[in-house]
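Below is one structure, written out as structure tokens; the observations come after it.
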Amino acid sequence: MPSAIVTGATGILGREIVSELGRSPQQWPTVHALSRSKKDEYPQNVVHNHIDLTSSAKEMAEQLKDVEGEYIFFAAYLAQDGEKEAADVNGAMLKNFLEALKINGADKKIKRVVLTTVTYPNDVIGVAKGNFMNLATSIGLYCAVSKELGNGDLVFPGSETFYTKFDCFTYSRLHASFNTWAALEPKASNQAFNVVNGDVESWQNLFPKLARKFGTKVKADMFASPPDKDAASIVQMAKRPPLADFAAERGLQDNKVLKQSAVEQRIDLIKWSQRDDVKAAWKKLAEREGLEHDAFEKATWGFLGFVLGRNFDLVISMSKARKAGWTGYVDSWDALSECLDELAEEKVLPKFE
């Protein structure tokens with residue numbers, strides 16, 4: 001029976017991979033959950049091991065002296081300001097980790113390594129205890145505090161253009177199931193896959209559902225007036241969009257679809273989160289409902305602003321995975337609603353009626 005090693009075991013993706021493996025002790029009798037700190041209670045087949053993936057291979061080898069597994073799920077990731085920095089830092093972590101296993105001789109048992117940054121997720125919906133860097137937490141806090149402010153109906157803070165365009169999401173639990181499937185599926189060997197829920201959504205559908213869940217409704221004419229220049233922001237993306245590389249062969253050279261994209265926030269969420277009235281509303285709400293006070297400051301407002309502010313469609317195909325035998329599917333609203341309920345249980349958000 002296979003054994004596993006999961007790095008980044010307390011992160012939004014790694015936590016769910018550990019949970020998925022932990023639910024099947026007969027199939028996965030030993031699971032090593034690796035992280036800097038232990039934030040979860042684990043089932044009996046899961047062993048927590050402390051590791052600092054930013055240390056040297058020699059130092060990691062010492063930390064991993066009692067750790068071995070046939071299947072490695074590398075879910076650790078350290079965000080950086082730039083792509084090159086991210087590649088350098090995360091590439092070094094992976095390289096040193098694998099070298100550490102080699103130093104200990106544990107590499108001889110490895111049958112497959114699954115990289116969560118090759119299993120391509122998009123706009124991840126999930127919950128990790130003590131980790132507020134996720135879409136569900138940030139948008140839930142925005143809705144809760146907006147209601148607390150009492151300034152009227154809920155207003156979409158992102159791009160007016162994107163509000164009626166399409167998006168695809170990845171539920172962290174579906175992603176975990178995909179990873180365990182990919183680890184054992186022969187057709188998945190040495191391949192990269194998109195991993196999204198399988199539906200295509202739009203915020204014009206999701207946002208009213210969010211409003212109703214929080215006991216309010218969407219403002220009927222929220223795009224009627226131009227955005228407040230002091231509250232809004234526009235950030236241009238790459239001057240040369242990725243489609244430009246294929247424009248000629250697709251008959252789109254010099255076409256208007258090749259225009260530069262942007263992140264357009266009618267309400268810049270970083271600015272919004274720093275307003276005195278917003279902070280006061282959160283403090284009042286958190287004290288009244290007994291919520292975790294750190295959640296608001298640690299929420300990733302910049303990430304949420306990016307997700308809601310893009311002014312282009314994101315339609316992502318699961319055809320490659322389907323052809324390889326993957327059948328998983330999750331309704332994106334169901335996933336988001338479940339995560340919001342879990343956040344309420346964790347005292348990050350107020351209880352829903």
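The values are calculated or read from the model by the stated rules, or taken from the named source; none is laboratory data. What you are looking at is a predicted structure, and each value in this text was computed from that prediction instead of being measured. Methodologically, a virtual Cβ is constructed for each residue, glycine included, from the backbone with ideal geometry; neighbour enumeration extends over all protein chains shown.
Residues in region 143-172 that are out of contact with any strand residue (DSSP E or B) (no Cβ under 9 Å at 6 or more places or on another chain) and touching a residue at least 60 places away in the same chain (Cβ under 8 Å) were compared, and the one that is nearest to residue 262 (Cα to Cα) is 163.
Within this structure, residue 36 fails the test of being basic (Lys, Arg) and surrounded by 21 or more Cβ atoms within 10 Å (Cβ to Cβ).
Yes/no matrix, rows are residues, columns are (1) in contact with a His (Cβ under 7 Å, 6 or more places away or on another chain); (2) closer than 16 Å to residue 116 by Cα:
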| position | (1), (2) |
| --- | --- |
| 13 | yes, yes |
| 23 | no, no |
| 33 | yes, yes |
| 47 | yes, no |
| 61 | no, no |
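Looking across region 239-259, just one residue is part of a loop (DSSP other than H, G, I, E, B) and closer than 30 Å to residue 335 by Cβ, and that is 241.
Selection of region 268-302 for residues being of a type outside the set (S, T, N, Q), part of a loop (DSSP other than H, G, I, E, B) and either surrounded by 21 or more Cβ atoms within 10 Å (Cβ to Cβ) or in contact with a helix residue (DSSP H, G or I) (Cβ under 7 Å, 6 or more places away or on another chain) (or both) yields 268, 291, 293, 299. Applying the set (1) within 16 Å of residue 180 (Cβ to Cβ); (2) in a loop (DSSP other than H, G, I, E, B); (3) in contact (Cβ under 8 Å) with a residue 24 or more places away in the chain; (4) touching a strand residue (DSSP E or B) at 6+ places or on another chain (Cβ under 9 Å) to residue 33 leaves exactly one unmet item: (2). Among the candidates 268, 245, the residue that is closer than 28 Å to residue 166 by Cα, touching a strand residue (DSSP E or B) at 6+ places or on another chain (Cβ under 9 Å) and among the acidic types (Asp, Glu) is uniquely 268. Name the residue that is surrounded by the most Cβ atoms within 10 Å (Cβ to Cβ), counting only residues in region 59-104 that are part of a loop (DSSP other than H, G, I, E, B) and in contact with a Leu (Cβ under 6 Å, 6 or more places away or on another chain). The selected residue is 75.
Take the conditions (1) modelled with pLDDT of 95 or more; (2) over 14 Å from residue 73 (Cβ atoms); residue 25 misses just one of them, which is (1).
Considering only region 206-229, I want to know if a residue exists there that is farther than 30 Å from residue 23 by Cβ, in contact with an Asp or Glu (Cβ under 9 Å, 6 or more places away or on another chain), modelled with pLDDT of 95 or more and not in a loop (DSSP other than H, G, I, E, B). Yes: region 206-229 contains one or more residues that are farther than 30 Å from residue 23 by Cβ, in contact with an Asp or Glu (Cβ under 9 Å, 6 or more places away or on another chain), modelled with pLDDT of 95 or more and not in a loop (DSSP other than H, G, I, E, B).
Restricting attention to region 193-205, report how many residues are buried (at least 23 other Cβ atoms within 10 Å of the Cβ) and either β-branched (Val, Ile, Thr) or out of contact with any strand residue (DSSP E or B) (no Cβ under 8 Å at 6 or more places or on another chain) (or both). Within region 193-205, residues that are buried (at least 23 other Cβ atoms within 10 Å of the Cβ) and either β-branched (Val, Ile, Thr) or out of contact with any strand residue (DSSP E or B) (no Cβ under 8 Å at 6 or more places or on another chain) (or both) number 2. When residue 241 is tested against (1) within 26 Å of residue 82 (Cα to Cα); (2) modelled with pLDDT of 90 or more; (3) surrounded by 11 or more Cβ atoms within 10 Å (Cβ to Cβ), exactly one condition is not met: (2).
One line per residue, one yes/no per condition, for (1) surrounded by 18 or more Cβ atoms within 10 Å (Cβ to Cβ); (2) in the same structural domain as residue 299 (by TED's automatic domain parsing); (3) closer than 22 Å to residue 334 by Cβ:
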position	(1), (2), (3)
129	no, yes, yes
143	yes, yes, yes
146	yes, yes, no
159	yes, yes, no
180	yes, no, yes
184	no, no, no
191	no, no, no
207	yes, yes, yes
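The number of residues in region 303-344 being more than 30 Å from residue 183 (Cα to Cα) and either more than 20 Å from the chain's Cα centre (by Cα) or not in a helix (DSSP H, G or I) (or both) comes to 4.
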